[in-house]
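The next block holds one structure in the form of structure tokens; read it before the comments.
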Amino acid sequence: MSDRSSAPGRLLTPYLQVAPLAFLMITMVGIPLLTVVLLSFWEFDGIAVYPAFTFDNYAEVLQSPVTLKLFLATLKYALITLVATVIIGFTCSYFLVFYVRDLRIQIALFLLCTIPFWTSNVIRMVSWIPFLGREGLFNSALIELGIIDHPLDILLYSDFAVVLTYIHLFTLFMIVPIFNSMAKINPNLIEAARDAGASPFQILRDIIIPLSKTGIALGSIFVVTLVMGDFFVVRVMSGGQSASVVSAMKNNIDQLYYPVASAMAVLLVIVVLLMVTAILRVVDIRSELAR
Amino acid sequence: MSSSRTKSRSGISRRDLLKRSAALAGAAAGSSIIGAPMVWAQTTKDVTLNWVGPSFSVIADIAAKASADLGFTIVAQTAETTQLMAKVVNQPETVDIADFEYWGLQKVYRAGNLQPVNISKIKQWGDMTPLMRDGKGFDGKDLSRQGTLPFEVLYTESADSKDYATGATGFATVMPSIYNADTLGIRSDLIGREVSSWSELFNPEFKGKTALVNIPSIGIMDAAMALESSGQMKYGDKGNMTKEEIDKTVDALIALKKAGQFRAFWSTFDESVNLMAAGEVVIQSMWSPAVTAVKARGIQCVYQGLKEGYRGWGSGMGLMRHLDGPKLDAAYAFLNWYLTGWQGAFIARQGYYSSVPETAKANLTENERGYWYEGKAAVEDIKDPYGAIMDKAGAKRDGGSFEQRMGNIACWNTVMDEDRYMIQRWNEFISA
């Protein structure tokens, strides 16, 4: 401590260290966000924005029954996706860490998980369409096998298709952090538990899950924010049949109604922040990471 | 003085001189043929014009041909009308020529970022179809004014005015370019019977096999045409609904959606093509080139003319305010080139009409002219603009001739006064 206060150069060091990130965050996140917040309070006539202070945009957004519906719909997607990705992510990681003994195979299998990510998001999403469609591969196969007479419409352009795509796109964001925290678990701990007579279920419940929760929390933050901010998957995979908060925002942006869209954006930021805060409340990621 | 000294001093070789005078002569000859104002090739040849607009109108092949003919560069940049509106309002400097649909123009002209087209500089203004120029039909009567009749937003009083004039003036907000009569696309092979009314869109027979376009201002018009023809609704003006009319329309749509009438709501051209081609949908809102694209895959798709009439639309070329000097001259040269027929023939092959139909027809073969404009059966295979066969010899264009189709417009693409409310309710429909 005394070392730092004595040398003025040292005093500056931490500030210089955070400067690049701070610069990026301020210019790329801070300023745009501030603009959105300002815009949401301004008046607008369809072409020009007037820097007045008005709550009209919020009144319009909050009074509309659509807003609640949109948020609930988006939250529903987020929660279903979250549950599914946690289950898949956890089981995959569990298998990789505790069943695959050979490190090389472990790494190979882990890389295998990332293969879908070598192509673009859009391609991975769109490739579901010919598979799930009315005359698609899956329906044709089921009809050929005589399992169904009519193609299943629910497979494509439905909530099912949207959630399926989210899970496909975002599971890796869950696997990576969970794998990472599981790999850090000291095998001796599990050995000791087994010696002390713990059942496999007890080991899972009392050791592995608590020690993996940082990974689960980190993955959850990724998945929740990605789903909450999406509009493209919803639009394409629901065939425009469903809307999310952002897709409704886009309808407003397309027609140049920026302040209303801004008010929606601010609401969305608040909701997402609350969700992230809730996750951080449950798991203290900082201390766990420092572990 | 030797000739070599002259050469080094002025930096012009004989070859250069020859080339330049040839270019000048070419420009002069070209201008007399295409009716463009005389432009100095030296000053405009370095000009680059950014021509921005929707993909169905701003086509790279057209820009390439225009650049070759005019000697300066035209860059085609596609942006859907909604994106173009945002560009023109927020980043006007990124656009030189804005290719606007009238409903988009209607919304942003008052931003003041466009300068009006001086009609005296458009040589073929006099040959333009009265549909666009005068708002009159082939019989000389006024066209339907439901929605945004192009004529209503075509003229402005002065170079600085941000309002529309009620009648013709010397200043046009844009130069009319292309237009068409839109209707429903159907998979005639899967439906297997005659479809003659807009009400079929909401016929329970096609439950789960219909789609609407998810551009609120256009989708609601298609819905209104269908609701009106089935007798469920009555509108004062489908193109400018009251709040109550919007409410009733959206409520009816939500009920239909809950009953499972719709398979999808498409937003882009290719989505509509794929829905139709994959058999997901048998009847839906569609654009003419999308029908052409489905047909070019060898799938039976009909752009079905319906008894209640068509939903018309059009677009025009707007000059951005910042254009001046050689750039403005070049822009006018491009606008004049546009009406000389090559472009008109190109877009005719994707089903659109040109604002100067005579020059477009002159650039089509007799077979194409008969098929696209005159409602005659094709004598040879009909090809799309890119050379793929899209209709066989013997086929006729759906809906008939230019006069039959454009003479039967029931309403025009538009932006309503209650637009903001309508979008809010539309979002409710989509999320229902």
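Bear in mind these aren't lab numbers, they're just calculated from the coordinates by the rules spelled out. Computed from a prediction, not measured in an experiment: that's the story for all the values here. Note that each Cβ is placed from the backbone with ideal geometry, even for glycine, and that neighbours are counted across all protein chains shown.
Give the relative contact order (percent, whole number) for segment B:194-317; include only Cα pairs under 8 Å separated by 6+ residues.
That works out to 36 percent.
Classify the protein assembly as shown as rounded, prolate or oblate, taking a ≥ b ≥ c as the square roots of the eigenvalues of its Cα gyration tensor: rounded when a/c is under 1.5, otherwise prolate if a/b is larger than b/c and oblate if not.
Prolate.
Given a 10 angstrom Cα cut-off, can you work out which residue in B:Glu368, B:Glu205, B:Glu93 is the most mobile in a GNM of chain B?
Evaluated over chain B, the most mobile residue of the options is B:Glu205.
Obtain the nm distance between the two label points defined at B:Asp160 and A:Arg286 by a simple spin-label model: each point lies 7 Å from its Cα along the Cα-to-C-beta direction.
A separation of 6.0 nm, rounded to one decimal place.
Using amide H atoms built in the peptide plane, which far-off residues or other-chain residues are under 5 Å from B:Gly239 H to H?
B:Gly147
Once you average over the residues of A:237-245, how many Cβ atoms of partner chains fall within 10 Å of each Cβ?
6
Using helices alone, I'd like the mean residue ellipticity at 222 nm for chain B: each DSSP H run of four-plus residues gives -39500 (n - 2.57), total over residue count, nearest 500.
That calculation yields -11000 deg cm²/dmol at 222 nm.
Among A:His168, B:His322, A:His150, rank each residue by its count of other Cβ atoms within 10 Å, from fewest to most, as a rough exposure measure.
A:His150, B:His322, A:His168
For the pairs B:Lys121/B:Lys327; B:Lys45/B:Lys123; B:Lys238/B:Lys307, flag any whose C-alpha to C-alpha distance is greater than 19 Å.
The pairs that break the limit, which is 19 Å between Cα atoms, are B:Lys45/B:Lys123.
Rounded if a/c is under 1.5, else prolate if a/b beats b/c, else oblate: with a ≥ b ≥ c from the C-alpha gyration tensor eigenvalues square-rooted, which is segment B:224-323?
It is oblate, given that a/c is not under 1.5 and a/b is not larger than b/c.
Residue separation times 0.36 nm, minus the C-alpha to C-alpha distance between A:Ala59 and A:Leu12: what's the value?
12.3 nm
Among A:Leu280, A:Leu82, A:Leu189, which one shows the biggest mean-square fluctuation in a GNM of chain A, springs joining Cα atoms closer than 10 Å?
Ranking A:Leu280, A:Leu82, A:Leu189 by mean-square fluctuation puts A:Leu189 first.
Expressed as a rounded percentage, what relative contact order does segment A:60-290 have, with Cα pairs under 8 Å and six or more residues apart?
Dividing the mean separation by the residue count of segment A:60-290 yields 26 percent.
Under the rule a/c < 1.5 gives rounded, and otherwise a/b versus b/c splits prolate from oblate, where does segment A:60-290 land using the Cα gyration tensor?
oblate
Going Cα to Cα from B:Lys361, which aspartates and glutamates come in below 18 Å? Please leave out same-chain ones fewer than 8 positions away.
B:Asp127, B:Glu374, B:Glu380, B:Asp381, B:Asp384, B:Glu403
For chain A, set up a GNM with springs between Cα atoms under 10 Å and report which of A:Thr171, A:Thr119, A:Thr225 has the largest fluctuation.
Evaluated over chain A, the most mobile residue of the options is A:Thr119.
Arranged from highest to lowest average of other beta-carbon atoms within 10 Å per residue, in what order do the peptides B:139-148, B:386-395 appear?
Ranked by mean Cβ neighbours within 10 Å, highest first: B:139-148, B:386-395.
Tell me, A:Val272, B:Val75 in order of fewest to most beta-carbon neighbours within 10 Å?
B:Val75, A:Val272
What does the highest-first list of B:238-249, B:162-173, A:255-266, A:103-114 look like by mean Cβ count within 10 Å?
So the peptides B:238-249, B:162-173, A:255-266, A:103-114, ranked by packing, come out A:255-266, B:238-249, B:162-173, A:103-114.
Return the FRET efficiency for the residue pair B:Ser401, B:Ser120: r is the Cβ-Cβ distance, R0 is 41 Å, and the value is rounded to the nearest 0.05.
Result of the calculation: an efficiency of 0.80.
Set the bar at 23 Å for Cα to Cα. Now go through A:Lys69/B:Lys243; A:Lys69/A:Lys250; B:Lys65/B:Lys383; B:Lys234/B:Lys257; A:Lys76/B:Lys257; B:Lys65/B:Lys392 and name every pair that lies beyond it.
Check vs 23 Å cut-off fails for B:Lys65/B:Lys392.
Multiply the residue gap between A:Ile107 and A:Leu24 by 0.36 nm, knock off their C-alpha separation, and tell me the result in nm, one decimal place.
In short, 26.5 nm is gained.
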